[in-house]
Amino acid sequence: MSGTAVVQDETPTLRCARHPGTETVLRCGRCDTPICPRCMIETPVGARCPTCAGVKRFRLLVKPVELVRAIASGIAVGALGTVVYSFLPFLGPLISFAIVGFGVGHAVLVAANRKRARELAPIAVACLFVGYEIGLVGLSVAAGVPFGLPLLLTPLLALRQFQVLIGLLVGSLLAWMRVR
């Protein structure tokens with residue numbers, strides 16, 4: 001023969017510890033137990049078996065009631081933070097919106113029963129921007145500006161200020177990181 005060697009696979013076929021009829025190549029990153037994709041739980045440090053993960057899958061799901069509560073509280077904190085910022089301009093938009101962003105993220109997290117679900121991070125960022133809009137519109141209406149389309153576009157014009165935009169972006173980052 002012409003020197004071709006046949007390489008044999010020395011790895012034995014693994015069967016999932018919880019589902020013996022399922023072949024797998026996955027193992028728990030902590031206890032090395034064979035696991036299949038059905039029972040694998042993704043954690044920040046890798047795939048784990050349900051025993052080592054110590055969590056149940058349903059704890060990661062946000063119920064609709066918790067989602068509505070998280071959105072409402074996030075927007076409320078964002079609007080209230082914008083109003084407070086208007087009375088404390090000496091802090092500057094960067095520090096003020098960083099604090100407001102962290103507060104929005106924390107409010108969303110607490111309202112969702114401290115669940116760490118993927119959908120909460122973009123919700124927290126959206127709550128910061130919507131709360132900012134509502135806060136500025138509320139301040140304008142309280143100052144006697146008639147409600148209408150020009151009033152609704154005023155917060156968008158405020159975003160043209162570089163410091164406000166950077167402040168909201170830093171606040172968004174902190175809101176995102178708080179719920180992750």
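The values are calculated or read from the model by the stated rules, or taken from the named source; none is laboratory data. Model, not experiment: these values are computed from the prediction. Cβ atoms come from the backbone with ideal geometry, glycine included; neighbour counts cover every protein chain shown.
Of note:
- SER96 meets all of the listed conditions (1) in a loop (DSSP other than H, G, I, E, B); (2) of a type in the set (S, T, N, Q); (3) surrounded by 21 or more Cβ atoms within 10 Å (Cβ to Cβ) but one, namely (1).
- Residue match in region 129-142 (condition: surrounded by fewer than 13 Cβ atoms within 10 Å (Cβ to Cβ) and out of contact with any Asp or Glu (no Cβ under 7 Å at 6 or more places or on another chain)): yes
- From the options ARG118, ARG180, ARG69, residue that is free of Cβ contacts under 8 Å to residues at least 12 places away in the same chain and either surrounded by fewer than 19 Cβ atoms within 10 Å (Cβ to Cβ) or of a type in the set (D, E, K, R) (or both): ARG118
- For PHE147: the one exception among (1) in contact with a helix residue (DSSP H, G or I) (Cβ under 8 Å, 6 or more places away or on another chain); (2) part of a helix (DSSP H, G or I); (3) hydrophobic (A, V, I, L, M, F, W, C): (2)
- Residues of region 121-137 satisfying the condition of being within 11 Å of GLY78 (Cβ to Cβ) and either without any contact (Cβ under 8 Å) to a residue 12 or more places away in the chain or under 12 Å from the mean Cα position of the chain (by Cα) (or both): ALA124, VAL125, ALA126, CYS127
- Selection status of VAL125, among the aliphatic types (A, V, I, L, M) and outside any loop (DSSP other than H, G, I, E, B): yes
- Of residues in region 138-163 being at pLDDT 85 or above and of a type in the set (A, V, I, L, M, F, W, C), the one farthest from the chain's Cα centre (by Cα): ALA143
- When LEU60 is tested against (1) closer than 30 Å to ARG114 by Cβ; (2) modelled with pLDDT of 85 or more, just one condition goes unmet, and that condition is (2).
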